[in-house]
């Protein structure tokens with residue numbers, strides 16, 4: 001079973017009736033609360049922009065693609081309750097303010113800004129084409145664009161998996177960092193999509209499921225590997241072995257790791273990649289031990305406006321995430337302090353892996369081996385041509 005981390009629920013669907021006069025735009029965004037896993041599988045309902053902002057900020061929903069999709073639906077929520085007293089120009093202003101609010105929630109994941117810009121552009125195109133159009137039609141156009149982003153994300157995930165599963169060999173052992181699975185996307189994930197496709201039996205393609213195991217590092221300080229990735233893989237029936245973050249190098253030296261797969265939150269024009277803190281260390285360890293290091297991400301994660309990783313903004317998070325353990329959840333001793341009072345804490349949420357340390361970037365449109373600016377530009381340009 002692969003979890004579905006978020007979905008838009010129309011009120012008539014929630015109420016169990018198709019006779020309701022409400023339209024699909026009358027609804028809410030339902031999310032798996034990832035702060036509560038693995039102890040509890042709890043879903044939350046976001047009914048306004050403020051609720052969604054808090055969900056993104058506090059990591060109830062996380063993962064670059066999932067944040068982007070959630071933000072797209074956030075703009076649906078922003079204009080959901082406008083009535084006949086408001087014009088479509090009022091709606092555009094409302095979308096602008098909501099976009100500014102949501103974009104301030106997480107500064108590193110480029111999918112957030114990409115999705116917000118795309119939905120706002122669709123709304124502006126609607127108003128430009130029909131300046132006297134009805135507000136309800138604009139609201140439906142915004143919802144349609146959010147739904148399209150959602151469906152594209154589901155398709156993107158599957159394509160990344162299909163493009164990358166060849167890099168997992170039968171009988172191998174791989175290492176992954178943080179969580180780049182279904183909980184981080186609208187579909188089956190980015191890096192974990194590759195795992196799921198390698199594990200999938202496909203009778204039409206005469207493809208057998210490969211046998212392999214996945215080492216999952218805990219991913220301090222928020223334990224996304226231990227709490228989320230291990231939970232996902234267990235649900236899917238894939239052999240999973242949990243390790244502490246500082247064990248990876250020793251496993252590589254022993255020859256226990258055949259490849260590393262991680263996701264990405266932003267990729268610069270030259271291929272430098274921002275991902276969860278600790279990714280850079282793994283890339284160096286992998287290079288030292290001759291272990292292939294793969295990044296899996298959709299084209300929307302590329303930010304060609306940034307020349308290199310040195311320009312990627314790195315989110316700094318609160319000290320509580322480091323000095324308490326675990327920071328979330330309802331297990332006994334949750335939030336117990338593990339460090340002395342009144343000490344300084346440095347808590348960057350991401351680091352940057354240089355392109356030279358990446359074996360390949362696996363995208364929904366193809367694989368970029370030994371990535372550089374020219375190869376990235378060629379793939380992105382070709383992808384646009386083929387649309």
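Which residue, 310, 274, 66, tops the fluctuation ranking in a GNM of the chain built on C-alpha contacts under 10 Å?
For the chain, modelled as a Gaussian network with Cα springs under 10 Å, the answer is 310.
Looking at the chain only, what percent of DSSP beta bridges run antiparallel? Nearest 5 please. Working shown, then result.
Values: 22 of 41 bridges.
Percentage antiparallel, nearest 5: 55.
At R0 = 51 Å, how high is the FRET efficiency between residue 325 and residue 172 if r is their beta carbon distance? Nearest 0.05 is fine.
Working: r = 32 Å, r/R0 = 0.64.
The value I calculate is 0.95.
Would you order 94, 244 from fewest to most other beta-carbon atoms within 10 Å of each residue's own beta-carbon?
Fewest-to-most Cβ neighbours within 10 Å comes out as 244, 94.
Extending each Cα 7 Å along its Cβ direction at residue 316 and residue 247, get the distance between those two points in nm, one decimal.
So the label points at residue 316 and residue 247 sit 3.3 nm apart.
Arrange 315, 50 by Cβ neighbour counts within 10 Å, fewest through most, would you?
Taking fewest neighbouring Cβ atoms as first place, the list is 50, 315.
Under the definition of Cα pairs under 8 Å and six or more residues apart, what whole-number percent is the relative contact order of the chain?
Working: 791 pairs, mean separation 59.7, N = 387.
The value is 15 percent.
Roughly what % of DSSP beta bridges within segment 205-340 run antiparallel, to the nearest 5? Show your work: numbers first, answer last.
Details: 4 of 13 bridges.
Percent antiparallel among DSSP bridges in segment 205-340 is about 30.
Work out, step by step, the length gained on full extension between residue 356 and residue 158: first 0.36 nm times the residue separation, then minus their alpha carbon distance; give nm to one decimal.
Numbers: separation 198, 0.36 × 198 = 71.28 nm, distance 2.68 nm.
Working it through step by step, the gained length comes to 68.6 nm.
Return the FRET efficiency for the residue pair residue 213, residue 85: r is the Cβ-Cβ distance, R0 is 45 Å, and the value is rounded to the nearest 0.05.
0.15
Take the Cβ-Cβ distance between residue 342 and residue 289 as r, set R0 to 45 Å, and report the resulting FRET efficiency rounded to the nearest 0.05. Let's see the in-between values first.
Working: r = 40 Å, r/R0 = 0.89.
With R0 = 45 Å, the Cβ-Cβ based efficiency is 0.65.
If we count other beta carbons within 10 Å of each Cβ, what is the order of 232, 321, fewest first?
Values: 232 29, 321 18.
With the sparsest Cβ surroundings first, the list reads 321, 232.
By how many nm would the segment from residue 235 to residue 103 lengthen if fully extended, with 0.36 nm per residue of separation less the alpha-carbon distance?
Numbers: separation 132, 0.36 × 132 = 47.52 nm, distance 3.24 nm.
Gain on stretching residue 235 to residue 103: 44.3 nm.
What is the spin-label model distance, in nm, from residue 147 to residue 377 if the labels are put 7 Å beyond Cα along the C-beta direction?
3.9
Modelled label-to-label distance, residue 93 and residue 43, 7 Å Cα→beta-carbon offset: nm?
Each label point lies 7 Å from its Cα, and together they span 3.7 nm.
Values quoted throughout were computed directly from the atomic coordinates according to the rules given, and no laboratory measurement underlies them. This structure is a prediction, so every number in the text was calculated from the model and none was measured. Methodologically, a virtual Cβ is constructed for each residue, glycine included, from the backbone with ideal geometry; neighbour enumeration extends over all protein chains shown.
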